[in-house]
Structure formats: structure tokens, C-alpha cells
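Just so it is clear, none of the values below were taken in a lab; they were calculated from the coordinates. No experiment lies behind these values; they were computed from the predicted model shown. With ideal geometry, Cβ positions are generated from the backbone for all residues, glycine too; neighbour counts draw on all protein chains shown.
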């Protein structure tokens, strides 16, 4: 039976030999990372000194295989390495913020003191199941994605042999079927929304532009962050057809503030959308109003905050929920308006057009999450009436079908 080779980055037996009365030589074969055995030699005034010298040489030659983390390090150290790599990646800022939050809020408290070698698929599965029970499947899936990335880093540093997250079943989010507003429902909502805005309120006056935001969202299918990042320079109201160029979005930072990210949620979100006629009229009126009132608008945004800065989508969403609950449309969110846009386009132009309008890369995702199922009966009479009509002069009993050449009766089979 052949001897097993020396492992990569290791050496064999060290042998010493007296060369002169005052000189000893130590030799050993070292297997480099390219798999080739090479002879390494060192000398000393004694056998012990020669062995010490060659050991120093061999260790200096040894390629560090464990990198920045090893199997005996704790998850806290792997987290530090992971966060540095994540910040240098091309992930969207919002994704980086979400992953950092998952690490600090959930992963570090639960697994930070566990050694990397101790994390098995069973440990990961228990952690994920606990998250599902405590905070829901959406957060559990995000933490699973972070853990998978972390252990890919550990794999590259030889701290683990396999990724323990692979094979762990992470529950999918239980999403309801898309529900959209039809045009009659939207008009009713809009009228009630304007009435709510004009009602007297204690303290700070209610916003007067919530219905304008709703018009823009239902008319374009934009995400709220994409809308609030739009500048007047992104619109071309004079072209035929008039368009809006979507290339940025508003995000929240880890410090709690907001800023404009210079790209949307994904690269497919960079697109031009055509503006319907009613929206062009509303936008021209809004621009004229801003110019007449000379309201603060430091960066020429279409929908700035009351102080002229970037508007926070979360704050607008809170106001929307309050208004929607008051007017009897508590089930309608900004995403419902986006679904309404997609559903109307899909009915007239197909799911592919709806996917482009929303900035999606996969039509299946648009169909599953944004297009409401068609519940009305299709008028198929012109197609199906022929089954009940016989040509003039035809016999009441239809002729027997002609047997195809080469076919056999069932009895012969």
C-alpha cells in the first residue's frame, strides 16, 4: 500500500548529520502549496541547534492557510472580518444596513461566543427556527443569508470544511395574494383622502399633498423611495410621450437619517416610465405652485420635506396609514398603489410590460406578488359557440372517426 503524501504546507521527518567536528546539518522535505516536495536544509553547531534552525525555516516557509480566522476562533472574530468584506462589496447601501442590523441584533447575541468549529447545520437550524418563532420568517431569512455569506468567508480562510448553512431549510415568507384597487375604488379613495386633508386638525395642519403622492404612485408604479428621490430635472413633460427617468432612491442610514442613493433597489430599476396625461397636468400645477409660493427646496426635488430637504419615506408612510385608517381604506398601502398600477398594465399590455414598469428583472415575481388574479369571467362566446352549431345539411349523428393508417383497435393491443 502506497504511503500517504505529506499534507500541503507541512514537512516530513527532520534528519540531522554531523558534517564537521563543529557543524551539524538538518534536512527535511517540505511539501509546498503547489504539491511539490522540496528539500530544506539548515545548519548549527550542534544537532539540537540545527533542528531548531530548520524548524524556524520551515515555519517561515509555511503558507498561512487559516488566514484571518481559524476553526478555534469565535464567531465574533468572523463577524469582524465579514463586516469589513461586506462594506467593501458592491451591495446596495440599504442591504448593507439591513445585514449589519441582523448581525448586531440577532446573530452576535445568539452565536457570538460560539467557536467557528462548533457551528453545525443543527446549530444553524435551531437558531433559524428560534428566529421564526420570535420575529417571523422574513427576519429569519435575512439572518440565514448573512450567516451563509459569513461562512463563505470562513471557507476561504480554511476555518471550516463545509458551509453549515447549506442544506438548512429556511421557511419562506407567507405572502397573501396581491390585492389591487380598481379605478373606481381609487377615485373613491382619492376623494375621501382630499376631504381628510382639508378637515380641521388640532395642532400641526395636515399635509395637503398626500393625494398628489398617491396619484404619482398609482400612475407610475414607483417605489416611495424612488418617487421622493425624483428631481424636476428627471422629468421631461414636453416630450411625446412625457417621461420620468428613475435612477435613484431615498434610503435611511444606520445613523437614522436619510439620503439619496445614486441607484435604485437594483440595476433593473434604472428605467424611464411614461407619465399619464392626468399626472402631467398635476405635475405642472405642482411646479407652478412651488414657484409662486417660493417654498424651500434646496435640491429641486418634486416632493421635498416641509423644510426643503429630503423627505423620509417612513414618515410619509406613517401619515398615510393614519389617513387610510380614517377614511376606511386601512388595507391600502403604498405597495397597494404599486400593485394597482401593475395590475392595470398587465390587463391591457401583459405581465412583461408590468414588470418593466415596476423595475423587476423577473416577470414571475411581478405576477406572484404584484398582479392581482383576474376574477371576472372571460367572454369566450365567440370562440365556444361553434361547438353547439351544426352546418346546414349535416346529419344529426356525426360520422365515425377515420382510423389512421397503422393504428390498431384496442382489442388487438
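Dividing the radius of gyration of the alpha carbons in the chain by their Kirkwood radius gives 1.21 for Rg/Rh.
Note the full-extension length gain between residue 84 and residue 14 as 0.36 nm times their separation in residues minus their Cα-Cα distance, in nm to one decimal.
Values: separation 70, 0.36 × 70 = 25.20 nm, distance 4.09 nm.
Length difference between fully extended and current span is 21.1 nm.
Relative to the current alpha-carbon distance between residue 330 and residue 121, full extension at 0.36 nm per residue lengthens the span by 71.1 nm. Nearest 10 degrees is fine. How inclined is helix 121-135 to the longest principal axis of the chain, computing both from alpha carbons? The helix 121-135 is inclined about 30 degrees to the chain. Relative to the longest principal axis of the Cα atoms of the chain, the long axis of helix 75-88 lies at roughly 60 degrees. Shown for 343, 16: other C-beta atoms within 10 Å of each C-beta, ranked fewest to most, produce the order 16, 343. Estimated translational diffusion coefficient (Stokes-Einstein, Kirkwood radius over Cα pairs, 4 °C, 1.567 mPa s) of region 10-61: 118 µm² per second.
For the chain, a Gaussian network of Cα nodes joined below 10 Å ranks 288, 28, 323 by mean-square fluctuation, and the top entry is 28. The Kirkwood hydrodynamic radius of region 75-156, based on inverse pair distances between different Cα atoms, is 12.8 Å. Taking the fewest neighbouring Cβ atoms within 10 Å as the starting point, the ordered list for 56, 119, 250 is 56, 119, 250.
The ranking of 49, 368 from fewest to most other beta carbons within 10 Å of each one's beta carbon is 368, 49.
Among 96, 339, 161, the residue with the largest mean-square fluctuation in a Gaussian network model of the chain, with springs joining Cα atoms closer than 10 Å, is 161. Here the contact order of the chain, divided by its residue count and restricted to Cα pairs under 8 Å and six or more residues apart, works out to 11 percent.
Report the gain in length on full extension from residue 3 to residue 155: 0.36 nm times residue separation, minus Cα-Cα distance, nm rounded to one decimal.
Values: separation 152, 0.36 × 152 = 54.72 nm, distance 2.84 nm.
Gain on stretching residue 3 to residue 155: 51.9 nm.
The long axis of helix 210-220 is offset from the longest Cα principal axis of the chain by roughly 80 degrees. For a modelled paramagnetic label at residue 252, 7 Å from Cα along Cα-to-Cβ, the residues of region 133-169 in reach, with backbone nitrogen under 19 Å, are 135-143. Centre-to-centre separation between the Cα atoms of region 342-364 and those of region 211-234: 18 Å.
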